[in-house]
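Q: Once you've had a glance at the structure underneath, I'll fire off some questions.
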Amino acid sequence: MGLWERLKDGLGKTRSGILGPLGAILGRGAIDEELYEDLEAILIQADAGIEASCQLSARLRAEVKARKVREANELLPLLKELLIQQLSVGERGLARATGQPTVIMVVGVNGAGKTTTVGKLAAKEAAAGKKVLLAAADTFRAGAIEQLGIWAERANAQFIRHQAGSDPAAVAFDALQAANSRAVDLVLVDTAGRLQNKVNLMAELEKVKRVMGKAQAGAPHEVLLVLDATTGQNGLSQARLFHQAAGVTGLVLAKLDGTAKGGIVLAIQEELGLPVKYIGVGEGIEDLRPFEPAEFVEALFAGQ
Ligand SMILES: Nc1nc2c(ncn2[C@@H]2O[C@H](COP(=O)(O)OP(=O)(O)OP(=O)(O)O)[C@@H](O)[C@H]2O)c(=O)[nH]1
Ligand SMILES: [Mg+2]
């Protein structure tokens, strides 16, 4: 199955959530107050959150007025345009350090797709000729180190690990020292899953990040938050609290091939302005794609 089909399939839940009712609205003819209220309700149902839904509807009103749009059936292209605009905010490519390894820390709740994302990204970068090193800073979950080790092999990347149960900050420190002495291009630091409301675990993340800066000034260059796209509204709280603790620089939306309601990215974008950098569309090594706002929005609205 191609990317387009997977995205459309994965966003199927959103599609029926957004597009079924939207079709009825667009068939109504006149643009009135009720139409905007219905549109907000539809967006909220698709996990876009109250704030983002109301803001989007306000922007749509402003555009309708400015462009003198009168027919409801002219709204869809306008809405798409506004969504694409909103999702295009921020730097979508990876930050790259010059003359030293680029360091990327990957964070998120349990099972979101962090390790898989690290593996896929490592493979992509190694295939592009980069010297990649993976750091097993999830020393907590049983089997996590071995899982990352397998990805390192598959991706043709170097691998730094300590004993299970050891200090994750020490692993990150060692990994950065090794990367610097071996002239590695890219270091990907996998961290243990943690719930965003566990204060101690979030403080640990902060420490891991701080220690990286001691091993190499300016590191990490990116802190990627991996979100399971199927978790819905909880994603906003995840983004908020991980951002507070670790200064997230970008999002990875994993499992978009599942039953995702894509609206959550709008909620996060509205509140935190964080760019989506990659999407995960499967469990395989090839299933990580750069995020393309236009493609994503088209998939949300496919069939319409
Ligand atoms: N369908 C699908 N499955 C995915 C995707 N990304 C990850 N998974 C699956 O989700 C499960 C959890 O992935 P991991 O990468 O281990 O998640 P994690 O965040 O590292 O989990 P912890 O380290 O336990 O917190 C695995 O079965 C992955 O194969 C994706 O984009 N699509
Ligand atoms: Mg993991």
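Q: Okay, which of the stretch 28-46 sit inside 19 Å, backbone N to the point 7 Å along the Cα-Cβ direction of SER237?
A: 44-46
Q: Out of VAL189, LEU227, GLY273, whose Cα points farthest toward the positive end of the dipole of the chain (charges: +1 Lys, Arg; -1 Asp, Glu; placed on Cβ)?
A: VAL189
Q: I've got another one for you. Cα atoms only: what Rg and Dmax, in Å, come out for the stretch 62-194?
A: In Å, with Rg to one decimal and Dmax whole: 20.6, 66.
Q: Hey, what did the chain get for relative contact order, percent, Cα under 8 Å, at least 6 apart?
A: 27
Q: Return the Cα extents of the chain along principal axes one, two and three, sorted largest first, each rounded to a whole Å.
A: 66, 39, 36
Q: Continuing with the same structure: Return the whole-Å distance between the Cα centroid of the stretch 230-304 and the Cα centroid of the stretch 35-88.
A: Spelled out, the Cα-based centre of one part sits 19 Å from the other.
Q: Would you list VAL69, VAL187, VAL109, VAL226 from fewest to most Cβ contacts within 10 Å?
A: VAL69, VAL109, VAL226, VAL187
Q: Anyone know which of ALA152, ALA97, ALA260 comes out most mobile in the 10 Å Cα GNM of the chain?
A: Answer for the Gaussian network model of the chain: ALA97.
Q: To the nearest whole percent, what portion of all C-alpha pairs in the stretch 161-297 is separated by more than 18 angstrom?
A: It works out to 59 percent of all Cα pairs.
Q: Taking the Cα centre of the chain as origin, sum charge times position over the Cβ atoms of Lys and Arg (+1) and Asp and Glu (-1), and report the length of that vector in debye to the nearest 20.
A: For the chain, the charge dipole is close to 720 debye.
Q: Continuing with the same structure: I want the antiparallel fraction of DSSP beta bridges within the stretch 102-292, as a percent rounded to 5.
A: 10
Q: Another one. Measure nothing but the geometry: give the 0 to 90° angle between the long axis through the Cα atoms of 75-87 and the longest principal axis through the Cα atoms of the chain, rounded to 10°.
A: It works out to around 20 degrees.
Q: While we're looking at this one, here's another question. How big is the stretch 93-156 by the Kirkwood estimate over distinct Cα pairs, in Å?
A: Over the stretch 93-156, the inverse of the mean reciprocal pair distance is 12.6 Å.
Q: Sorted from largest to smallest, which semi-axis lengths in Å does the alpha carbon gyration tensor of the stretch 193-250 give for its equivalent ellipsoid, taking the root of 5 times each eigenvalue?
A: 22, 13, 8
Q: To the nearest 10 degrees, how steep is helix 144-155 against the longest Cα principal axis of the chain, on a 0 to 90 scale?
A: 80
Readers should treat all values here as calculations from the given coordinates under stated rules, not as data from a laboratory. The structure displayed is predicted, hence computed values, not measured ones. Here the Cβ is made from the backbone with ideal geometry for all residues, glycine too, and neighbour counts use every protein chain on show.
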